[in-house]
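Before any comments, here is the structure.
The values are calculated or read from the model by the stated rules, or taken from the named source; none is laboratory data. Nothing here was measured: the structure is a model prediction, and the numbers come from that model. Reconstructed Cβ throughout: ideal geometry from the backbone, glycine too, with neighbour counts over all protein chains shown.
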Amino acid sequence: MIQSYEDLLVYQKSYSLAVRIYKLSRAMPKHELYGIISQISRAALSIPLNIAEGYGKRASLAEFKRFLFMAKGSCDEMKVLIDFCTDIGYFDMELKADLKNCYDEIGKMLHGMIQNWK
């Protein structure tokens with residue numbers, strides 16, 4: 001039974017992944033604080049934030065789905081950021097594959113919610 005956004009598996013997974021991204025960003029060079037660190041942290045956190053905010057507005061199906069679409073957009077943004085971090089040497093190929101798989105899964109979950117939520 002879903003009683004809050006915290007009960008949604010997609011929220012739980014995206015929140016945990018955002019925490020992981022924040023921890024990974026701590027290892028990046030300090031000169032990236034206002035560059036890639038800021039961008040990747042905001043994009044990662046925007047996914048669970050949009051899910052939570054949309055859930056709070058779920059009385060309007062269109063409004064809820066609008067927030068899910070924004071979360072899905074941030075999910076795609078994260079995949080670009082992961083590629084970029086790999087290409088400039090901050091992530092290795094194994095981490096890249098793992099993170100992209102996680103965001104693929106979250107993206108599929110969001111797509112399913114957008115298609116099936118009533």
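At least 3 residues that are touching a Gly at 6+ places or on another chain (Cβ under 7 Å) and of a type outside the set (Val, Ile, Thr) in each: list the helices (runs of 4 or more DSSP H) lying fully within the stretch 1-113 that qualify.
Numbers: elements: 9-25, 36-56, 61-87.
Of the helices (runs of 4 or more DSSP H) lying wholly inside the stretch 1-113, those with at least 3 residues that are touching a Gly at 6+ places or on another chain (Cβ under 7 Å) and of a type outside the set (Val, Ile, Thr) span 61-87.
Which ones in the stretch 50-86 are crowded, with 16+ Cβ neighbours inside 10 Å and more than 21 Å from Leu9 (Cα to Cα)?
Correct list: Leu81, Ile82, Cys85, Thr86.
Please go through the stretch 98-116 and give me each residue that is surrounded by fewer than 19 Cβ atoms within 10 Å (Cβ to Cβ) and either over 18 Å from Met70 (Cβ atoms) or out of contact with any Leu (no Cβ under 7 Å at 6 or more places or on another chain) (or both), ordered by number.
Those that are surrounded by fewer than 19 Cβ atoms within 10 Å (Cβ to Cβ) and either over 18 Å from Met70 (Cβ atoms) or out of contact with any Leu (no Cβ under 7 Å at 6 or more places or on another chain) (or both): Asp98, Lys100, Asn101, Asp104, Glu105, Lys108, His111, Gly112, Gln115, Asn116.
So, in the stretch 60-110, exactly how many residues are within 17 Å of Ala44 (Cα to Cα) and not hydrophobic (A, V, I, L, M, F, W, C)?
Keep residues of the stretch 60-110 that are within 17 Å of Ala44 (Cα to Cα), which gives 67-86, 90-91, 95-110.
Then keep just the ones that are not hydrophobic (A, V, I, L, M, F, W, C); that gives 72-74, 76-77, 79, 83, 86, 90, 96, 98, 100-101, 103-105, 107-108.
Qualifying residue count for the region: 18.
Of the residues Ile106, Ile47, Ile82, Ile51, which is within 16 Å of the chain's Cα centre (by Cα) and over 30 Å from Gln3 (Cβ atoms)?
Details: Ile106 fails: over 30 Å from Gln3 (Cβ atoms); Ile47 fails: over 30 Å from Gln3 (Cβ atoms); Ile51 fails: over 30 Å from Gln3 (Cβ atoms).
Answer to the check: Ile82.
Quick one: is Glu63 within 20 Å of Met113 (Cβ to Cβ), of a type in the set (Asp, Glu) and under 12 Å from the mean Cα position of the chain (by Cα)?
Values: within 20 Å of Met113 (Cβ to Cβ): yes; of a type in the set (Asp, Glu): yes; under 12 Å from the mean Cα position of the chain (by Cα): no.
No; evaluated as a whole, the condition is false for this residue.
Assuming Leu9 fulfils every condition listed in (1) buried (at least 17 other Cβ atoms within 10 Å of the Cβ); (2) in contact (Cβ under 8 Å) with a residue 60 or more places away in the chain apart from one, which condition is it?
Against the list (1) buried (at least 17 other Cβ atoms within 10 Å of the Cβ); (2) in contact (Cβ under 8 Å) with a residue 60 or more places away in the chain, Leu9 comes up short only on (1).
Can you tell me which residue among Gly35, Gly89 is surrounded by fewer than 17 Cβ atoms within 10 Å (Cβ to Cβ) and modelled with pLDDT under 95? Before you say what the answer is, go through the steps one by one.
Working: Gly89 fails: modelled with pLDDT under 95.
None of the other options fit; the residue is Gly35.
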